[in-house]
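Just below is one structure, and these are the notes that go with it.
Nothing in this text is a laboratory measurement; each read-out follows from the coordinates by a stated rule. This is a predicted model, so every value here is computed, not measured. Reconstructed Cβ throughout: ideal geometry from the backbone, glycine too, with neighbour counts over all protein chains shown.
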Amino acid sequence: WGDIRPKSRAEPFAGCTSESMARNPEHINALKAFQEGFTEKSALLFGKALGEDETSELWNDWATAQFHLSNLEEAEEGYRRALELDDKNVEAAVNLGILLERDNRPSEAMEWLEQAVAKVAEPKKSSLASILEKCRAEAAEGVSSTSLADHLLKFAGKNDNERSYLQTHLARYTKTLE
């Protein structure tokens, strides 16, 4: 994983698969492009490799490229697909947990971080444990009606009528929870 501490807010925690784990030549080329800083090119190459051989590692790597491109919804979907294919993929669990934590979804992040912290060694374990503790503290603070409303709006869909209906009734819904 290299240095376990993220270098920026837009960088995943665990990163991509090592080249030694990649079986597909396209996957290796995509990893090289990613390591050289050609993120858009790597995302395309990871996608092409996925068309040839769908693996948990490839989905994790594609999602990591999407994360670096600030395509967070796609990244989340990719990490979840990686975990569907291999629920023991620690890198994907860490990356999904970090993405969820950074998206202010600490309760969701805790599930993945708890899985991962049990499977990694020091010093990575300590770094993950501190992020997990931060998530626990944030989740314990409770959910404010404002953050709940923001979270619910993510599910409104792209249809203007659905979004308008939800926005119209959202204040009433969240007020009942206070």
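Given the peptides 64-71, 80-87, arrange them by the average over their residues of other C-beta atoms within 10 Å, most packed first. Don't skip to the answer; put the middle values down first.
Numbers: 64-71: 21.0, 80-87: 16.8.
Output ranking for 64-71, 80-87: 64-71, 80-87.
Students often check this: by mean Cβ neighbours within 10 Å, which of 41-52, 120-131 ranks highest, and how do the rest follow?
Put in order of decreasing packing, that is 41-52, 120-131.
Please give the residues of the stretch 81-99, grouped as numeric ranges, whose backbone N is less than 12 Å from a label point set 7 Å along the Cα-to-Cβ vector of Glu111.
Residues 84, 97 fall inside that zone.
Averaging sequence separations of C-alpha pairs under 8 Å and six or more residues apart, then dividing by the length of the stretch 22-85, give the relative contact order as a whole percent.
This gives 28 percent for the stretch 22-85.
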